[in-house]
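Q: The structure under discussion is supplied below as structure tokens; questions concerning it will follow.
The values are calculated or read from the model by the stated rules, or taken from the named source; none is laboratory data. The shown structure was predicted, so the numbers you read here are calculated from the model rather than taken from an experiment. Cβ placement follows ideal geometry from the backbone for every residue including glycine, while neighbour counts extend to all protein chains displayed.
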Amino acid sequence: MNLIAIDIGNTNIGVGLFLEGEEQFVKSVSGESTAELTEVLKSTWEMIPVAKHSTESKRDGVLVASSAKPAWTDVIRDIVKRTIGEKILLVGKDIPYPIDLSVSEPDKVGADRVVAASAAYAVVEQAVVVADFGTAVTIDLVDDRGVFCGGVIFPGFESSARALHQDTALLPEIQVTKPDWPFGRNTVEAIDAGIYYSAVGALQEIVRRYAEVIGTWPQTVITGSGAKLIKDDCDFIDSYVPNLVIKGIALAYRKYIESKE
């Protein structure tokens with residue numbers, strides 16, 4: 001299985017290359033940089049081998065994406081068609097989810113949430129919570145049967161900092177970092193500590209409440225661009241897995257192929 005997995009987020013786009021099912025690398029590109037995105041997709045596609053019996057030098061691979069931003073999906077579709085003459089397949093539309101969903105509006109759940117949850121469950125094979133710290137924070141639960149139960153969504157670090165600045169007269173917009181002290185000794189430190197420890201506390205409280213509902217303490221996995229920042233202050237988590245969505249996209253496609261054999 002040769003695959004380019006594309007995680008279309010709200011701020012960045014991840015591009016992962018899998019050759020013979022093995023992850024080679026993941027690159028992150030700003031969604032605003034069409035030129036950089038074009039170069040990454042083109043150069044990554046050129047690393048996929050040509051099909052053995054192809055008389056037209058057609059490469060033996062596919063491009064599969066999950067998308068949280070339809071406008072960027074259209075941009076990528078255009079890039080892929082124009083530069084390499086291929087099309088992308090979308091998880092949740094062209095490719096079925098690799099996990100059952102027990103939610104009221106399954107067609108409105110973000111594909112990134114579902115594939116990340118499925119990738120985590122495929123490893124632990126028991127109840128698991130997946131927390132993705134990106135532009136938005138999502139904390140989702142998969143039960144012991146491997147069913148996606150839903151979760152919570154709240155603003156990520158940058159979104160929270162921007163909202164405080166935009167909705168107040170005097171508070172500055174800050175870059176959230178790991179605080180040196182639990183309480184701020186000036187306004188910037190106070191905002192930083194407030195946003196940071198709110199995220200840590202929210203994760204612990206939400207996992208606790210999930211555990212009360214399902215009757216067992218679930219494994220907890222964190223991912224996303226902001227996860228690295230807080231992981232050392234979350235001693236209750238079991239794993240920090242970068243690029244979990246990319247791994248979930250590859251899993252979804254592999255299960256799809258296996259189902260057709």
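Q: Are any residues in the stretch 238-261 surrounded by fewer than 21 Cβ atoms within 10 Å (Cβ to Cβ) and among the hydroxyl-bearing types (Ser, Thr, Tyr), and if so, which ones?
A: Of everything in the stretch 238-261, those that are surrounded by fewer than 21 Cβ atoms within 10 Å (Cβ to Cβ) and among the hydroxyl-bearing types (Ser, Thr, Tyr) turn out to be 239, 240, 256, 259.
Q: Next up: Please pick out the residue among 174, 153 that is surrounded by fewer than 21 Cβ atoms within 10 Å (Cβ to Cβ), over 26 Å from residue 102 (Cβ atoms) and not assigned by TED's automatic domain parsing to the domain that holds residue 28.
A: From the options 174, 153, the qualifying one is 174.
Q: Just to be sure, is residue 223 in contact with a Pro (Cβ under 9 Å, 6 or more places away or on another chain), touching a residue at least 12 places away in the same chain (Cβ under 8 Å), of a type in the set (S, T, N, Q) and more than 27 Å from residue 68 (Cα to Cα)?
A: Judged against the criteria, residue 223 is not a match.
Q: Could you list, in sequence order, the residues of the stretch 23-58 that are more than 24 Å from the chain's Cα centre (by Cα) and either crowded, with 19+ Cβ neighbours inside 10 Å or assigned to a loop (DSSP other than H, G, I, E, B) (or both)?
A: Listed by number, the residues that qualify are 46, 49, 51, 52, 53, 54, 55, 56, 57, 58.
Q: Also, I was wondering about something else. How many of the residues making up the stretch 59-69 are outside any strand (DSSP E or B) and hydroxyl-bearing (Ser, Thr, Tyr)?
A: Residues that pass the stated criteria total 0.
Q: Could you please let me know if residue 215 is surrounded by 21 or more Cβ atoms within 10 Å (Cβ to Cβ) and either closer than 16 Å to residue 125 by Cα or more than 18 Å from the chain's Cα centre (by Cα) (or both)?
A: Considered against the rule, which asks whether it is surrounded by 21 or more Cβ atoms within 10 Å (Cβ to Cβ) and either closer than 16 Å to residue 125 by Cα or more than 18 Å from the chain's Cα centre (by Cα) (or both), residue 215 comes out as no.
Q: Can you tell me which residues in the stretch 110-127 are over 21 Å from residue 76 (Cβ atoms), crowded, with 20+ Cβ neighbours inside 10 Å and without any contact (Cβ under 8 Å) to a residue 60 or more places away in the chain?
A: 121
Q: Output the residues belonging to the stretch 182-196 that are more than 22 Å from the chain's Cα centre (by Cα) and not acidic (Asp, Glu).
A: 182, 183, 184, 185, 186, 187, 188, 190, 191, 193, 194
Q: Only one of (1) under 19 Å from the mean Cα position of the chain (by Cα); (2) buried (at least 16 other Cβ atoms within 10 Å of the Cβ); (3) not assigned by TED's automatic domain parsing to the domain that holds residue 151 fails for residue 84. Which number is that?
A: (1)
Q: Of everything in the stretch 154-190 that's aliphatic (A, V, I, L, M) and out of contact with any Asp or Glu (no Cβ under 9 Å at 6 or more places or on another chain), which residue is nearest to residue 68 (Cα to Cα)?
A: 163
Q: On to the next question. For the stretch 170-261, which fully contained helices (runs of 4 or more DSSP H) count at least 1 residues that are among the hydrophobic types (A, V, I, L, M, F, W, C) and more than 30 Å from residue 90 (Cβ to Cβ)?
A: 187-214, 227-230
Q: If you don't mind, there's one more thing I want to ask. Taking the conditions exactly as written (touching an Asp or Glu at 6+ places or on another chain (Cβ under 7 Å) and either over 23 Å from residue 241 (Cβ atoms) or not assigned by TED's automatic domain parsing to the domain that holds residue 203 (or both)), does residue 116 satisfy them or not?
A: Taking the combined requirement at face value, the residue does not satisfy it.
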